[in-house]
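The structure appears below as structure tokens.
The values are calculated or read from the model by the stated rules, or taken from the named source; none is laboratory data. Remember, predicted model here, so these are calculated numbers, not experimental data. We place every Cβ from the backbone using ideal geometry, glycine too, and count neighbours over all the protein chains shown.
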Amino acid sequence: MNTVTYQIEEIDAKETDAAITYAADVLRCGGLVVFPTETVYGLGGNALDPAASAKIYAAKGRPSDNPLIIHIADPKDAEAYTYTDPLYDSLAEHFMPGPLTVIMEARDNVPREVRAGLPTVAVRCPAHPLANRLIRAAGVPIAAPSANLSGKPSPTEGRHVRADMDGRVDVILDGGAASIGVESTIVKIEKDGGLLLLRPGGITVDDLRAVCPDIRVADAVTGALKEGQTVLSPGMKYRHYAPDAPLFLLDGDTEARIAYVKNAKGRVAVLSYREELPLLSDRDDLILLDVGGRQDTATQAHRLFSLLRDADALSPDVIFAPLPSMEGMGLALYNRMIRAAAHQILKL
Ligand code: AMP
Ligand code: MG
């Protein structure tokens with residue numbers, strides 16, 4: 001397949017209008033379009049066309065039992081595809097458009113391919129102006145997972161999308177770097193009126209609790225291990241968002257982490273907090289990658305997936321990174337990192 005790539009320089013330029021018009025036509029005709037959002041790039045198809053969903057799963061190499069998120073241009077449009085309720089309305093009022101996905105009971109017009117046979121469907125209204133304009137121009141909701149090959153780190157820049165999707169999709173709209181850099185927060189509205197957090201993201205648990213005090217975090221978010229399981233539980237089947245080189249998370253204070261990295265064998269890449277970079281400078285064969293200041297979780301989220309890809313490009317034998325805290329935005333980082341590391345956490 002020939003992929004047409006548009007480099008979007010200005011959101012209001014004539015060329016941008018032409019690119020959106022073409023991409024919207026492609027979507028309506030059943031094709032695939034990669035588009036930027038504020039979280040990560042999305043791999044979109046017409047959500048009402050089952051054949052388009054099948055193409056999305058094929059392009060990503062994604063198992064078709066993993067449902068897709070429907071992207072809408074206006075929070076009110078959710079009513080056409082789901083049975084919304086007052087809790088949805090208040091979530092929409094506080095957080096939409098933005099990085100929040102809400103799972104609710106699906107109406108019959110949502111193809112089972114989109115929801116992977118589940119009775120529910122996930123809905124999100126992205127804040128990125130290009131995403132918003134593309135959905136409006138297409139005139140249909142857009143089903144879109146992250147635009148990476150299944151298992152790889154999510155794409156946060158046009159170059160990541162081209163590396164994974166060139167030749168697999170009809171159009172790529174390259175709108176530059178994603179501002180948030182980790183995928184949307186996903187919540188499910190439960191039958192009892194509470195919220196279940198299924199994936200942490202840019203909207204934090206505290207943000208959500210302010211709107212709905214009855215919120216529970218699903219065990220899988222922190223990878224809580226069942227009794228009898230060991231802390232170190234490697235295994236490719238848990239790997240997701242993953243670089244090619246093995247990634248280990250270091251759980252210890254600065255001193256312990258620095259000492260560990262300095263003694264590690266082989267070609268070593270390190271994702272390091274900015275304050276700690278100077279402490280590693282006397283071992284000059286390390287590949288050092290700055291993840292941002294220790295407290296600056298927004299920058300860490302913005303850089304995480306890009307750094308994992310950058311680290312891989314330098315062919316290290318191993319990658320080390322600090323285990324993130326679970327506070328605020330840290331929970332989203334923690335959730336992605338434990339999967340990227342296949343739960344390989346080294347307690348120092
Ligand atoms: P991605 O689009 O790659 O960010 O992945 C979408 C995520 O949303 C996946 O983790 C799905 O399992 C999840 N998801 C989508 N729809 C549903 C649903 N109806 N119920 C539970 N999870 C869902
Ligand atoms: Mg994904």
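Annotation: TYR57 fulfils all but one of (1) more than 29 Å from GLY167 (Cβ to Cβ); (2) in contact with a Ser or Thr (Cβ under 8 Å, 6 or more places away or on another chain); (3) not charged (D, E, K, R); the unmet one is (1). With respect to LEU279, determine if the residue is closer than 19 Å to SER315 by Cα and modelled with pLDDT of 95 or more. No, not satisfied.
Restricting attention to segment 135-180, the residues that are at positive phi and within 13 Å of ligand 2 (Cβ to nearest atom) add up to 1. Comparison of ASP164, ASP206, ASP192 shows that the only residue that is within 13 Å of ligand 1 (Cβ to nearest atom) and either modelled with pLDDT of 95 or more or surrounded by fewer than 16 Cβ atoms within 10 Å (Cβ to Cβ) (or both) is ASP164.
Among the residues of segment 49-77, those identified as surrounded by fewer than 18 Cβ atoms within 10 Å (Cβ to Cβ) and under 24 Å from ALA92 (Cβ atoms) are ASP74, LYS76, ASP77. Within segment 81-98, take every residue that is loosely packed, with under 14 Cβ neighbours inside 10 Å and touching a residue at least 40 places away in the same chain (Cβ under 8 Å) and give me the one that is nearest to VAL211 (Cα to Cα). Once the filter is applied, the top-ranked residue is SER90. Looking only at residues in segment 181-202 that are in a loop (DSSP other than H, G, I, E, B) and touching a Gly at 6+ places or on another chain (Cβ under 7 Å), the one that is nearest to ligand 2 (Cβ to nearest atom) is GLU183. Inspection of segment 105-124 identifies no residue that is under 28 Å from GLU9 (Cβ atoms), under 19 Å from the mean Cα position of the chain (by Cα), of a type in the set (Gly, Ala, Ser) and surrounded by 19 or more Cβ atoms within 10 Å (Cβ to Cβ). Scanning segment 331-345 for residues that are under 11 Å from ALA321 (Cβ atoms) and over 17 Å from the mean Cα position of the chain (by Cα) gives GLN344, ILE345.
Residue pairs whose Cβ atoms lie under 8 Å apart, sitting 6 or more positions apart in sequence or on different chains, and linking a residue in segment 4-18 that is closer than 11 Å to LEU173 by Cα to a partner that is at pLDDT 95 or above and assigned to a loop (DSSP other than H, G, I, E, B), are VAL4/ASP170; THR5/ASP166; ILE8/PRO36; ILE8/GLY175; ILE8/GLY176; THR16/ILE8.
Total residues in segment 182-202 satisfying the condition of being farther than 20 Å from ALA106 by Cα and either of a type in the set (Phe, Trp, Tyr) or out of contact with any Pro (no Cβ under 6 Å at 6 or more places or on another chain) (or both): the figure is 3. For segment 1-42, a tally of residues being within 16 Å of ligand 1 (Cβ to nearest atom) and either of a type in the set (Phe, Trp, Tyr) or surrounded by fewer than 18 Cβ atoms within 10 Å (Cβ to Cβ) (or both) returns 2.
You will find that of ALA138, ALA143, the residue that is closer than 19 Å to LYS60 by Cα and either near ligand 1 (Cβ under 10 Å from one of its atoms) or modelled with pLDDT of 95 or more (or both) is ALA143 and no other.
Would you tally the residues in segment 50-73 being closer than 12 Å to SER146 by Cα and of a type in the set (D, E, K, R)? Here the count works out to 2.
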